[in-house]
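Novice: My questions will all concern the structure given below.
The values are calculated or read from the model by the stated rules, or taken from the named source; none is laboratory data. What you see is a predicted model, and the numbers here were worked out from it, not measured in a lab. In this analysis, Cβ positions are derived from the backbone assuming ideal geometry, glycine residues included, and neighbour counts consider all displayed protein chains.
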């Protein structure tokens with residue numbers, strides 16, 4: 001695994017920043033990568049104001065039936 005502070009991670013982050021990608025689950029809509037974070041599947045957020053925190057992994061499984069690691 002690449003460490004966050006490692007030169008390899010910084011190089012990877014720099015390479016992907018501002019690249020546009022097509023998202024197959026959203027009818028090939030293009031989105032720009034604005035940041036790269038380690039273990040993004042475990043990143044937690046609030047889906048809406050009344051909801052509990054959920055991970056990106058849980059959101060994709062429940063919303064799109066896509067299992068990410």
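Novice: Which residue pairs have Cβ atoms under 8 Å apart, sit 6 or more places apart or on different chains, and have a first residue in the range 1-27 that is under 30 Å from residue 65 (Cβ atoms) and a second that is at pLDDT below 75?
Specialist: Note: pairs meeting the criteria are 12/2; 22/28.
Per-residue answers, yes or no, for (1) modelled with pLDDT under 85; (2) over 11 Å from the mean Cα position of the chain (by Cα):
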site: 8; (1), (2): no, yes
site: 21; (1), (2): no, yes
site: 38; (1), (2): yes, no
site: 42; (1), (2): no, no
site: 64; (1), (2): no, yes
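Novice: Report, by residue number, each residue of the range 24-34 that is modelled with pLDDT under 90 and within 12 Å of the chain's Cα centre (by Cα).
Specialist: Within the range 24-34, the subset modelled with pLDDT under 90 is 24-31.
31, the sole residue that qualifies.
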